[in-house]
Amino acid sequence: MANQRQINFPAIEMATKQEGNQTFVWDSLRGRYLLLTPEEVVRRHVIAFLVSHCGVLPHSIAQEYQVKINGTAQRADIVVIGKDLKPKILVECKAPEVNIDKSVLAQAVRYNAVLGAQYIVLTNGWQHLCVECIDGKYCTMGSFPTMQYD
């Protein structure tokens with residue numbers, strides 16, 4: 001299980017509960033408890049960071065966003081929807097022990113071929129890769145994207 005020392009995000013409070021030998025975390029956006037996996041720890045931190053540091057409004061965040069690829073339903077971990085109701089940021093979360101490499105980027109690019117988000121963020125909680133799609137090419141960014149809702 002990931003702990004906060006393995007996460008390269010500001011510390012957050014997570015409301016948890018124990019059921020037998022499993023730990024669950026409260027997801028205020030979905031209004032329910034979720035199994036607290038290493039990937040879920042990363043997702044909770046990313047969502048908190050997007051809201052607190054990137055100007056993302058909580059109600060614009062969709063989790064496990066369905067993406068159909070060749071007729072098969074896949075799920076993007078986090079999609080931030082813009083005021084035009086189109087995907088703006090696609091976030092793929094991995095457990096801390098999973099390297100952010102070309103295969104993870106390829107997965108996100110496949111999702112984005114359907115979604116058409118301007119930005120892709122890949123993170124395992126420690127490594128972060130942020131890219132912007134400009135004229136069909138993905139360009140590495142130096143920081144997380146920010147949202148403007150004017």
With every protein chain present, what accessible area does W26 have (1.4 Å probe, heavy atoms only), rounded to the nearest 10 Å²? 100
By the gyration tensor of its Cα atoms, with a ≥ b ≥ c the square roots of the eigenvalues, what is the shape of the range 49-114: rounded for a/c under 1.5, prolate for a/b over b/c, or oblate? oblate
Relative contact order (percent) for the range 2-45, with alpha-carbon contacts under 8 angstrom and 6 or more residues of separation? 32
Dipole in debye (nearest 20) - the chain, about Cα centre, beta carbon charges: Lys, Arg +1; Asp, Glu -1: 200
Which aspartates and glutamates have a Cα less than 17 Å from the Cα of K102, not counting those fewer than 8 places away in the same chain? E92, E132
Rounded, prolate or oblate: which fits the range 1-81 when a ≥ b ≥ c are the square roots of the eigenvalues of the alpha-carbon gyration tensor, with rounded for a/c under 1.5 and prolate only if a/b beats b/c? oblate
Can you figure out the FRET efficiency of A113 with E19, using R₀ = 35 Å and their beta-carbon distance, to the nearest 0.05? 0.35
With Rg and Dmax of the Cα atoms in Å in mind, check (1) 16.5, 56; (2) 15.1, 51; (3) 14.2, 40 and report the label derived from this structure. (2)
Over the chain, calculate the relative contact order: mean separation of alpha carbon pairs under 8 Å at least 6 apart, over the residue count, as a percent. 20
Within the range 61-123, percent of DSSP bridges classed antiparallel, to nearest 5: 70
Report, to the nearest whole %, how much of the accessible area of the range 49-147 belongs to carbon and sulfur atoms, 1.4 Å probe, protein only. 52
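The values are calculated or read from the model by the stated rules, or taken from the named source; none is laboratory data. Since the model is a prediction, treat every value here as computed from it, not as a measurement. Virtual Cβ from ideal backbone geometry, glycine too; neighbours counted across all protein chains shown. The protein model used for the area step is the full one, side chains on, heavy atoms only, and it has no ligands, DNA or RNA in it. Shrake-Rupley method; radii C 1.70, N 1.55, O 1.52, S 1.80 Å.
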